[in-house]
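Here's the structure we're looking at; comments come further down.
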Amino acid sequence: MAIQFNRYSAMSLAREALRGHAGWKEAWRSPEPATSYDIVVVGAGGHGLATAYHLAKNYGIRNVAILEKGWLGGGNTGRNTTIIRSNYLQDDSAAIYEKSRLLYESLSQELNFNVMFSPRGVMMLAQTHHEVRGYIRTANANLNQGIRTEFISADKVKRLCPIISIDGPRYPVLGALWQPRGGTARHDAVAWGYARACSEMGLHIIEQCRVTAVNSSGGRVTGVETTRGPIGCSKLAVVVAGHSGELAEMAGFRLPIESVALQALVSEPVKPCLDVVVMANTVHGYISQSDKGELVIGGGADGFNNYTQRGSFQHVEETVRALVETFPIISRLRMLRQWGGIVDMTGDRSPIISKTPVENLFVNCGWGTGGFKAIPGSGWAMAELVANGEPGNLAAPFGLDRFREGRFIDESVAAGVAH
Ligand SMILES: Cc1cc2nc3c(=O)[nH]c(=O)nc-3n(C[C@H](O)[C@H](O)[C@H](O)COP(=O)(O)OP(=O)(O)OC[C@H]3O[C@@H](n4cnc5c(N)ncnc54)[C@H](O)[C@@H]3O)c2cc1C
């Protein structure tokens, strides 16, 4: 039976308030898996859901299932520090990240779901002369790419962020790369909004359904084995971030990906004190304030490959020690909780949106420490690749062939340590 979804509006809110909120429908269905689909997307993180959404929205392909081994949005999408920016150095990266940032600007209206996009401004601090030169170069590149960023003085940094100490003991603040329309969004809401829109268009979201094997015949994908039985498909989109290597192994090829845990933590909530996002890449820490008042703090990636989705004590110590230099005000705050997610790192720190050695099997991965900001643009570009069998302009530079050809898209500064 078709479920009628509520359209969220001031009117529906008022109507439900009068009815004791008894009339709200579930946000997405949980159907039993069918025996086969035109397209199966593995991974119900933001990228997988956005891919499915654009397959239906842009190409009218609705016989699609999204398979998720846990709960949707429970991977990196629900574990990240939500920084959104597009101030990358290379033209190919700037194009896809800016497409994504632009889609974020109207995503709440597009999905009829408040994703709480907050373009509060992102600053990347320059704390060495090397960084000053690097960020001035990036600001000039962004100017040519049509992306609004500027290199600002230390005084302007202090005006925008009064709690910062610009005369730090080891690394004084010398200026910053400032993107005024960068910001944050609510991570869960991005996953939930896409899920609701996918379900409304008739796509199947199947949670608690782990893919355990990839089936192919004559070099062409035919389906997957899952913990809920075999599911056939004509095309398979693998969008599983830190688990991409495992899925590739099931399909019989290797990816140039390393999986490592990346960690973050939040403080107890405090009154509003920080209304921009600050990234301090030299001392290695990132900070913003959530709507609840918690300071959201991003730290480093583990220095060894692993699949542990949890935090560790030494990262808290390192990250907080680094940030206290620049934000002495946080030294007496209590930290509330910490966690980790498994990120998928490529050698050039740029993503992979690509065909693979198996016909009709496509991968989207390698977003590493910075893929939340890319969700809408990545979904757009991946849907184009899967629907047409060939990449469009946005995805074309990010093919697997670049690793064979040495045609790297080096973003080790913009994405090596930054989120
Ligand atoms: C601590 C931390 C901070 C971060 N901060 C930022 C930030 O500030 N800004 C930013 O832009 N990015 C940030 N990132 C990176 C960002 O979170 C990721 O790049 C992005 O969320 C990846 O989304 P995804 O949909 O590809 O992956 P995920 O959200 O991880 O989704 C992949 C899904 O695939 C599922 N899956 C895996 N294997 C299988 C299987 N065999 N069968 C079925 N399902 C499977 C997983 O359960 C998971 O739900 C951060 C990441 C972390 C961990």
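Data overview
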item: Relative contact order (percent, whole number), the chain, Cα cutoff 8 Å, 6+ residue spacing; result: 22 percent
item: Set LYS69/LYS292; LYS25/LYS355; LYS99/LYS271 screened for pairs whose C-alpha atoms are more than 32 Å apart; result: LYS25/LYS355; LYS99/LYS271
item: Ranked list, fewest to most other Cβ atoms within 10 Å of each Cβ, for VAL358, VAL343; result: VAL358, VAL343
item: Cα pair distances exceeding 27 angstrom across the chain, given as percent; result: 51 percent
item: Dipole magnitude of the stretch 210-291, debye to nearest 20 (Cβ charges: Lys/Arg +1, Asp/Glu -1, about Cα centre); result: 380 debye
item: Rg over Rh, two decimals, the stretch 199-245 (C-alpha only, Kirkwood Rh); result: 0.98
item: Neighbour-count order for PHE327, PHE253, fewest beta carbons within 10 angstrom listed first; result: PHE253, PHE327
item: Degrees, to the nearest 10: 313-326 long Cα axis against longest axis of the chain; result: 50 degrees
item: Potential lengthening between ARG137 and THR222 on full extension [0.36 nm per residue; Cα-Cα distance subtracted]; result: 25.9 nm
item: Rel. contact order, % - alpha carbon contacts under 8 angstrom, at least six apart, the stretch 281-359; result: 28 percent
item: Partners for LYS158 among aspartates and glutamates (Cα-Cα distance below 20 Å; same-chain residues under 8 apart left out); result: GLU131, GLU150, ASP167, ASP275, GLU325
item: Förster radius 60 Å - calculated FRET efficiency between GLU26 and SER165 (Cβ-Cβ, nearest 0.05); result: 0.80
item: Residue-span extension gain [ARG19 to LYS292] - 0.36 nm each, minus C-alpha spacing; result: 95.4 nm
item: Sorted by Cβ density within 10 Å, fewest first, the residues GLU325, GLU131; result: GLU325, GLU131
item: Lys, Arg +1 and Asp, Glu -1 on Cβ, resulting dipole of the stretch 96-173 about Cα centre, debye, nearest 20; result: 160 debye
item: Under 12 Å from LYS57, Cα to Cα: aspartates and glutamates that are on another chain or at least 8 residues apart; result: GLU110, GLU200, GLU384
item: C-alpha long axis of helix 375-388 to longest principal axis of the chain, angle in °; result: 30 degrees
item: Computed [θ] at 222 nm, helices only, for the chain once each DSSP H run of length n ≥ 4 contributes -39500 (n - 2.57); result: -9000 deg cm²/dmol
item: Label-point gap, in nm, between LEU102 and ASN215 - each point 7 angstrom along Cα→Cβ; result: 4.2 nm
item: For the chain, share of DSSP beta bridges that run antiparallel, in % to the nearest 5; result: 70 percent
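Bear in mind that the values in this text are calculations on the coordinates, not laboratory data. Small disclaimer: the values here were computed from a predicted structure and weren't measured. No Cβ is skipped: glycine too gets one built from the backbone with ideal geometry, and neighbour counts run over all protein chains shown.
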